[in-house]
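**Q** This structure is in structure tokens; I'll ask about it shortly.
The values are calculated or read from the model by the stated rules, or taken from the named source; none is laboratory data. Because the structure is a prediction, the values reported are computed rather than measured. Using ideal geometry, Cβ is built from the backbone for each residue, glycine included, and neighbour counts are taken over all protein chains shown.
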Amino acid sequence: MSTRLACVVFDAVQPRAVARFWAELLSWEVTVDRPGLVDVAAPDPDAADVALTFLAARHPKSGKNRIHLDLASRSLDHQRVQVDRALSLGARRIDIGQGTVPWTVLADPEGNEFCVLEPREQYVDTGSIAAIVVDTRDPGRLARFWSTAAGWPVILDDDRLTGIRSATGQGPWLEFLRNPGGIRVSGRVHLDLVPYATDDPAEEVARLRAAGAVPVRPSDSRSTDPPLVLADPETYEFCLLRPHSE
């Protein structure tokens, strides 16, 4: 089988405030609200189940995140409405060296970068989030790892960008964007995987390690019991959670 991409995780000094920003911007719902942990998810039960999770952090963000979200738009007017709505909720415009581009680059209230895209055909059926975008030195290599990890096939593959997506054709793309300079730290955003309830977590850990994942701490090297912190082939951390049935 495979593990499943469960959520995009943001470290936040004020997780509830940032979660409310994203819930209102995406028209999603807060599904879990506990001290230090807030989940936001799409209300559509048929949508691909990739949630946003906000975890308490002690220190404010510094530096650019390795992972960001691209938001979809249906028209140029809708793109403008999305940008205006984000700004009214507490986002701000930022310059990360994008130059003159048809999309708008913003930061959420804690500085996490995201883009509001112009209309694009490949994102017409993704829902609010068009893509989860990962900066990488080698898009093809990292996409192959995450294709194995998430069970999503490679749909788009060129020198600059490699994209994978659920075989159901629902939900966002997971895209790997070439960044020749690399990103020294992963920033405040990472991905979490979860095994299916019927699968053996130990087998899934072994499968991920065979695909190129490595344990982050020496004490994890023999562990097969989620939650477990691993690193992808470019040494950026992700978590393997417990199956949802637990």
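**Q** Which one is nearest to the chain's Cα centre (by Cα), of the residues in region 135-157 that are more than 15 Å from residue 122 (Cα to Cα) and of a type in the set (Asp, Glu)?
**A** Within region 135-157, the match that is nearest to the chain's Cα centre (by Cα) is 135.
**Q** If you don't mind, another one. Condition first: outside any helix (DSSP H, G or I), out of contact with any Pro (no Cβ under 7 Å at 6 or more places or on another chain), more than 29 Å from residue 206 (Cβ to Cβ) and not small (Gly, Ala, Ser). Now tell me which residues in region 11-30 satisfy that.
**A** Across region 11-30, the qualifying residues are 14, 30.
**Q** For region 166-176, how many residues are outside any loop (DSSP other than H, G, I, E, B) and over 21 Å from residue 240 (Cβ atoms)?
**A** Within region 166-176, the subset outside any loop (DSSP other than H, G, I, E, B) is 173-176.
So of that shortlist, the ones also over 21 Å from residue 240 (Cβ atoms) come out as 173, 175.
Going through region 166-176 one residue at a time, the tally reaches 2.
**Q** Another question about this same structure. Looking only at region 2-26, count how many residues are at pLDDT below 95 and not basic (Lys, Arg).
**A** Total meeting the criteria: 5.
**Q** Now a separate question. Can you work out which of the residues in region 55-80 that are in a loop (DSSP other than H, G, I, E, B) and more than 26 Å from residue 36 (Cβ to Cβ) is nearest to the chain's Cα centre (by Cα)? Steps first, please.
**A** The first filter runs over region 55-80 and keeps only residues in a loop (DSSP other than H, G, I, E, B), leaving 57-66, 72-75.
Keeping just the survivors that are more than 26 Å from residue 36 (Cβ to Cβ) gives 72-75.
Values: 72: 15, 73: 18, 74: 21, 75: 24 Å.
The residue in question is 72.
**Q** Within the set of pairs 6+ apart or on separate chains, which have a first residue in region 137-165 that is assigned to a loop (DSSP other than H, G, I, E, B), a second that is among the hydrophobic types (A, V, I, L, M, F, W, C) and surrounded by 15 or more Cβ atoms within 10 Å (Cβ to Cβ), and C-beta atoms under 6 Å apart?
**A** Cβ pairs passing all conditions: 152/164; 165/152; 165/155; 165/173.
**Q** So residue 180 passes all but one of these: (1) over 18 Å from the mean Cα position of the chain (by Cα); (2) in contact (Cβ under 8 Å) with a residue 60 or more places away in the chain. Which condition number does it fail?
**A** (2)
**Q** Then there's this: For the structure I just gave you, tell me whether residue 228 is surrounded by 19 or more Cβ atoms within 10 Å (Cβ to Cβ) and modelled with pLDDT under 90. Quick ask: steps written out before the conclusion?
**A** On the way: surrounded by 19 or more Cβ atoms within 10 Å (Cβ to Cβ): yes; modelled with pLDDT under 90: yes.
When the stated conditions are applied, residue 228 passes them.
**Q** Considering only region 98-111, state which residues are within 22 Å of residue 61 (Cβ to Cβ), surrounded by fewer than 14 Cβ atoms within 10 Å (Cβ to Cβ) and not polar (S, T, N, Q). I'd like the intermediate steps shown before the answer.
**A** Here is the first cut: in region 98-111, the residues within 22 Å of residue 61 (Cβ to Cβ) are 98, 103-111.
This time we only want the ones that are surrounded by fewer than 14 Cβ atoms within 10 Å (Cβ to Cβ), so: 98.
Passing the criteria: none in range.
**Q** I would also like to ask the following. What single numbered condition from (1) within 24 Å of residue 12 (Cβ to Cβ); (2) modelled with pLDDT of 95 or more; (3) over 16 Å from the mean Cα position of the chain (by Cα) fails to hold for residue 131?
**A** With (1) within 24 Å of residue 12 (Cβ to Cβ); (2) modelled with pLDDT of 95 or more; (3) over 16 Å from the mean Cα position of the chain (by Cα) applied to residue 131, the lone miss is (3).
**Q** Out of 27, 2, I need the residue that is among the hydroxyl-bearing types (Ser, Thr, Tyr), within 24 Å of residue 84 (Cβ to Cβ), over 16 Å from the mean Cα position of the chain (by Cα) and surrounded by fewer than 22 Cβ atoms within 10 Å (Cβ to Cβ). Which one?
**A** The conditions single out 27.
**Q** Might you let me know whether region 74-97 holds any residue that is in contact with a strand residue (DSSP E or B) (Cβ under 9 Å, 6 or more places away or on another chain), more than 24 Å from residue 16 (Cα to Cα), loosely packed, with under 11 Cβ neighbours inside 10 Å and not β-branched (Val, Ile, Thr)?
**A** yes
**Q** Something else: Just checking, which of 233, 180 is surrounded by fewer than 20 Cβ atoms within 10 Å (Cβ to Cβ), in a loop (DSSP other than H, G, I, E, B) and at pLDDT 90 or above?
**A** That would be 233, the only listed residue that is surrounded by fewer than 20 Cβ atoms within 10 Å (Cβ to Cβ), in a loop (DSSP other than H, G, I, E, B) and at pLDDT 90 or above.
**Q** Can you pull out every residue in region 115-140 that is closer than 21 Å to residue 192 by Cβ and of a type in the set (D, E, K, R)?
**A** Within region 115-140, just 135 meets the criteria.
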